[in-house]
Amino acid sequence: MRTGCVLSCAREPVYEVQLANYLKATGIAVGLLINFGREIEIRRKVFDP
């Protein structure tokens with residue numbers, strides 16, 4: 001299984017959109033959005049065409 005990943009230092013909606021576009025363009029089904037702000041936050045996104 002392949003997984004896409006986007007890393008950021010701030011939690012902004014633009015990164016969620018970027019990850020969704022990346023998943024759609026590459027055909028990868030699962031992606032991780034990792035935020036290294038004040039607290040480490042990991043969000044899992046699933047692309048379902």
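Each value in this text was obtained by applying a stated rule to the coordinates, not by laboratory testing. Since the structure is predicted, the reported quantities are computational estimates derived from the model, not experimental observations. For neighbour counting, all protein chains shown are included, and Cβ atoms are generated from backbone atoms with ideal geometry for every residue, glycine included.
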List the residue pairs whose Cβ atoms are under 8 Å apart, where the first residue sits in region 27-49 and is over 16 Å from ARG11 (Cβ atoms), the second is polar (S, T, N, Q) and surrounded by 10 or more Cβ atoms within 10 Å (Cβ to Cβ), and the two are 6 or more positions apart or on different chains.
ILE28/THR3; VAL30/THR3
Checked pairs for region 1-25, first farther than 10 Å from LYS45 by Cβ, second assigned to a helix (DSSP H, G or I), C-beta under 7 Å and 6 or more apart or across chains, list as SER8/TYR15
